[in-house]
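The values are calculated or read from the model by the stated rules, or taken from the named source; none is laboratory data. The shown structure was predicted, so the numbers you read here are calculated from the model rather than taken from an experiment. Using ideal geometry, Cβ is built from the backbone for each residue, glycine included, and neighbour counts are taken over all protein chains shown. Calculation scope for accessible area: heavy atoms of the full protein, side chains included, ligands and nucleic acids excluded. Shrake-Rupley method; radii C 1.70, N 1.55, O 1.52, S 1.80 Å.
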Amino acid sequence: MLIRVAESHRGLYCGKIIGEYLEKLVDLSHPSERVQKMITYIMGAFTRVDITTTAAAVPPSDLDDEIFILCAIDGEAHYLVSEDKSLLELKDRYTQPIIGGSEEMAKVLVV
């Protein structure tokens with residue numbers, strides 16, 4: 001999914017999101033070389049967003065995930081792709097960005 005977004009769309013990130021990705025990759029015991037490549041790829045291929053919005057209109061149940069909504073809002077994203085339960089629970093609460101899992105969003109993001 002990351003490659004598809006980077007090749008055909010504008011992916012977004014902010015410092016806190018990079019921190020979340022790094023934490024997950026390390027906690028899931030990915031090899032350090034893979035972690036480095038993934039973080040470098042995201043930062044090189046995606047657009048950095050400065051977060052100015054202080055709170056999501058409808059925050060996720062896991063407040064650590066709010067940064068993904070804020071990045072999508074401040075980056076004017078059309079889609080927020082995630083497998084995170086607390087974000088997917090908000091699918092019906094947001095029209096911009098459209099929130100969905102990678103399998104369903106892969107159909108939408110086809111070039």
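A few points about this structure:
- Looking only at the stretch 85-107, and only at residues there that are within 12 Å of the chain's Cα centre (by Cα) and buried (at least 19 other Cβ atoms within 10 Å of the Cβ), the one that is farthest from T53 (Cα to Cα): G100
- Among the conditions (1) surrounded by fewer than 15 Cβ atoms within 10 Å (Cβ to Cβ); (2) over 23 Å from R93 (Cα atoms); (3) modelled with pLDDT under 95, the only one that P31 does not satisfy is (3).
- Hey, Y41 among the aromatic types (F, W, Y) and either within 13 Å of the chain's Cα centre (by Cα) or at pLDDT 95 or above (or both) or not: no
- When the stretch 1-37 is filtered for residues that are assigned to a helix (DSSP H, G or I), of a type in the set (A, V, I, L, M) and over 21 Å from D74 (Cα atoms), the ones remaining, listed by number, are I3, L22, L25, V26, V35.
- Residues of the stretch 38-93 satisfying the condition of being under 18 Å from H9 (Cα atoms), in a loop (DSSP other than H, G, I, E, B) and of a type in the set (D, E): E76
- Of all residues in the stretch 2-15, at least one satisfies being out of contact with any helix residue (DSSP H, G or I) (no Cβ under 7 Å at 6 or more places or on another chain) and either within 16 Å of L87 (Cα to Cα) or at pLDDT 95 or above (or both).
- Filtered residue count, the stretch 65-83, keeping only those that are farther than 12 Å from I17 by Cβ and surrounded by fewer than 20 Cβ atoms within 10 Å (Cβ to Cβ): 5
- Scanning the stretch 34-64 for residues that are in contact (Cβ under 8 Å) with a residue 40 or more places away in the chain and either of a type in the set (V, I, T) or open to solvent by 60 Å² or more (accessible area, probe 1.4 Å) (or both) yields I42, D64.
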